Structures are given as C-alpha cells and as structure tokens.
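Everything on this sheet refers to the single structure shown next.
The values are calculated or read from the model by the stated rules, or taken from the named source; none is laboratory data. Owing to the predicted nature of the structure, the values given are computational and were not obtained by experimental measurement. Cβ placement follows ideal geometry from the backbone for every residue including glycine, while neighbour counts extend to all protein chains displayed. Keep in mind that these areas ignore ligands, DNA and RNA; they rest on the heavy atoms of the full protein, side chains included. Shrake-Rupley method; radii C 1.70, N 1.55, O 1.52, S 1.80 Å.
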Amino acid sequence: MSDSPVTSTIDFDRPGKQVGRLRVPRSTNESGWSSLFIPAVCVANGAGPTVLVTGGVHGDEPEGQVAALNLAREVQPAAVRGRLIILPCMSPDASRAYTRLWPSGANLNRSFPGSPSGPPDEQLADYLTRILFPLSDAVCDIHSGGRSTMHLPWSEMHMVENRAQRAAMVDAMLAWGTDYHFVYINIAGGGLLVDEAERQGKIVIGTELGGGGHVTAGIHRLTKDGLRNFLRHLGVLAGTVETRASRGLPEAVILKALEMRDYNLAPESGLFETTVELGEQVERGQVVGRLHFIESPERAPADVHAGSAGIVCGVRAIASTLQGDCVAVVGQRCSRAELV
Ligand SMILES: [Zn+2]
C-alpha cells in the first residue's frame, strides 16, 4: 500500500514468530522528527484463519493490554494454526498517561476508517482498514469501562445485518465464557474499530471487562482465559475451548441494549450518586441515581430514572458528571436464538 505513511517491520506473509512494530510518522513540540511506534507481534504457522487482536485502543483500559502482552510473549508457532496478529497497545501515549484519549485529543475508536492523509490516529486507523482487516478472518478489540465507567465484565457484539456473519459472531462472543454477554448500539458516535471490521464482513468481537480505573486479579484472569478460549474457538490457537459447562458454571446471561432509552444520560451537570448495583434488576422509571449540586446545598438532588426495565450492566464511575454523560446502562435478557 504505497500511499500509507505507516510502515511495519513485520512481514505478515512470513511463517514463524516476529516481534516488531508499526511506525506512524509524527512531529511534536518536543520532537520535530519523530515516529509513533505501535508494538506488533505476528505468529504464523501453516494453513488456518488469521485473527487480529487489539488492546489499548483506549489508554485507561489495561485489561486487554496485559492479556495481549502475555499472549504475545508466550505464544509459539507450534500452538498456532494460521496466523495470529497481536497489537497489544494501540495507543501507547494514552496508555502511559492512563487516559482514554490520545494527548492530541483523538479518540482512536472514532478514527475509523481513517485516512492516509489525516492526523496520526487516522493514518493508523487507515492502515488497519486497508492492510490488517483485509488479511483477517476475525478481529477482537479488547476494551473495558476505563476510568469513567464500570461494566459487568462481558464480551460484546453489534447486530450486524448479514445473518451468517452475525451467527459466527454470536458463537465467537459466547466462546469468551464470561458471565454476561452484551449486544449494543453506538450511542456516542461512529468510526469505531469494530464498525469498519464488521463492514468488511469479519467476525468481530469486542469486550467491556470491568473498569472504574482499576483492574482486579479476577478480571485479569478472565481476560486471559476469555481471549484464549476465543482464539481456540476460531481454531487459530491449539487446544479445546473451556466451556462454561466444562467449568461447572451456569449458562451465561446475554443482555441486549438496542434502544437509546437503555442508555441513561445525565439531564444536567452535577455530582452523581448511583443508587443501583451492577447486575441489579430495575423497573422502567426506577431511580438509578441522583445528581447533587455542590453549589446549591439547599437544592434537592435530581433523580435519574431508568428509561427501560432490565439489568443494570454499566454505571458511571466518576461522580463528577456533565449534562449528557451516560450514568447507567440497562440491558434486557435475550436468548441466543433471538440473535442468530
Ligand atoms: Zn475502550
């Protein structure tokens, strides 16, 4: 792809394990002639699917970065059938700063499909769009709630229109083995990494594995095991999938939040007090939280009412809240049959 300014030290056609980087040219106040390095690992071994794993698209979400780094370090060609491409940290400067967005203000997960002549985030997005997605059969983009949100840990997907693609995505989503799975809509803009990979017909799975600015040992284990089971399910990683049944666990709960009313937005700015717990069943109209007004001690807090009934699956983790911020997400149980 001669017109992409992004280059790679990895030859994606070469068998074996390669550890290298993508290089995105940039010029900053501190360094006029610089490059942004995106770590990359490719492990290829014979015939089989190509699967792309991305972590750290948002810098304050370490779960995927840690799991992808562990996988990238440990996996050897003998355990791979096909090709595994791992980009453990897509936004290194944001990861160092522990921020969602790049220092430039760019949200890499709004930069797709990208452009070879745009700013660095769009150039990187364009490289995935035109080079790495076309090589791939499946894409897994590992996210969490970051600092601002806490989610029930889950793997997730969009309701793509193509039935065969959707059915394959449902099974790949379930292979993660999390207690919950989530089917969602974009409520905060388009241009997601998964949007473009889905448009290209790939099996595309995302995750929201907790959040709130910290990661428990349990979440790290879940991310590590879930990612490997997902890769085993696709056949790119040797070994059998550890199903929930084989681990003595009940069937997972699939939640869908496909209406805007499932995403409760703050009606005005204030200090948010959540009144519901993750996993709690709520009725439509039930108070899910209250906004307090630090400048008006005499003023009663403003209640936020659930726009729909269901299970609370996401709550705002930062109390200081601006009008329009999502403070609670409510999902409805659905069956696998409803999705395929
Ligand atoms: Zn994210």
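Sorting His58, His151 by accessible area (1.4 Å probe), largest first, what list results? Show your work: numbers first, answer last.
Values: His58 5, His151 30 Å².
These residues rank, largest area first, as His151, His58.
Packing, taken as the mean count of other beta carbons within 10 Å per residue, orders the peptides 299-306, 102-109 from highest to lowest as 102-109, 299-306. Summarising the amide proton neighbourhood of Leu36: residues at separation of 5 or more, or on other chains, whose placed amide H is nearer than 5 Å comprise Val24, Arg26. Of Ala172, Val315, Gly285, which is farthest on the positive side of the dipole of the chain, counting Cα position, with +1 on Lys and Arg Cβ, -1 on Asp and Glu Cβ, and the Cα centre as origin? After comparing all options, I get Ala172. Amide H to amide H, with H built 1.01 Å from N, Thr50 comes under 5 Å of Arg83, Asp137, Ala138, counting only residues 5 or more places away or on other chains.
Only Lys, Arg, Asp and Glu carry charge here, each on its Cβ (+1 for the first two, -1 for the last two); on that basis the chain has a dipole of about 1020 debye about its Cα centre. Residue by residue, the range 8-16 carries 3J(HN,Hα) couplings of 10, 7, 9, 8, 5, 8, 8, x, x Hz when phi is fed to the Karplus relation 6.51 cos²θ - 1.76 cosθ + 1.60 (θ = phi - 60°); x denotes Gly or Pro. Expressed as an acute angle from 0 to 90° and rounded to the nearest 10, what is the orientation of the C-alpha long axis of helix 62-74 relative to the principal long axis of the chain? Around 20 degrees separate the two axes.
Using a probe of 1.4 Å, the accessible surface attributed to Ile142 totals some 0 Å² when neighbouring protein chains are kept in position.
Over the chain, accessible surface divided per residue gives 43 Å², non-protein components excluded, 1.4 Å probe. Taking 0.36 nm per residue of separation and subtracting the current Cα-Cα distance, fully stretching the chain between Thr28 and Ile318 would add 101.3 nm.
Per residue and in cubic angstrom, what volume does the convex hull of the Cα atoms of the range 189-309 have? Before the final figure, lay out each step's value.
Numbers: hull volume 20.5 nm³, N = 121.
Residue-normalised Cα hull volume stands at 170 Å³.
Annotation: amide H of Asp60 within the under-5 Å range of Thr99, Arg100, sequence separation 5 or more or interchain, hydrogens built in the peptide plane.
Excluding the site residues themselves, the longest part of the chain lacking any chymotrypsin sites (Phe, Trp or Tyr not before Pro) in a DSSP loop with at most 16 other Cβ atoms within 10 Å is 99-292.
Its residues counted as N, the chain yields a C-alpha radius of gyration over 2.2 N^0.38 Å of 1.01.
On alpha-carbon atoms, Rg over Rh for the range 89-152 using Kirkwood Rh?
Details: Rg = 12.8 Å, Rh = 12.9 Å.
Computed over Cα atoms, the ratio is 1.00.
Extension gain for Thr243 to Ala309 (0.36 nm times residue separation, less C-alpha to C-alpha distance): 20.8 nm. The angle separating the long axis of helix 163-175 from the principal Cα axis of greatest extent in the chain is about 80 degrees. Heavy-atom accessible area, probed at 1.4 angstrom with all protein chains present, ranks Arg81, Arg284 as Arg284, Arg81, highest first.
Couplings 3J(HN,Hα) of the range 45-57, computed from phi: 7, x, 6, x, x, 9, 10, 9, 10, 10, x, x, 4 Hz, in residue order, whole Hz [Karplus 6.51 cos²θ - 1.76 cosθ + 1.60, θ = phi - 60°; x for Gly and Pro].
Viscosity 0.890 mPa s, temperature 25 °C: Stokes-Einstein D of the range 260-340 from its Kirkwood Cα radius, in µm² per second? Intermediate values should be presented prior to the final figure.
Working: Rh = 13.0 Å.
Approximately 188 µm²/s, per Stokes-Einstein.
Dividing the summed -39500 (n - 2.57) terms of all DSSP H runs of n ≥ 4 by the residue count of the chain sets its mean residue ellipticity at 222 nm at -6000 deg cm²/dmol. Using Cα-only point scatterers and the Debye equation, what is log10 of I(q)/I(0) for the range 117-259 at each q in 0.14, 0.17 Å⁻¹, rounded to two decimals? These q points yield log10 I(q)/I(0) values of -0.69, -1.02.
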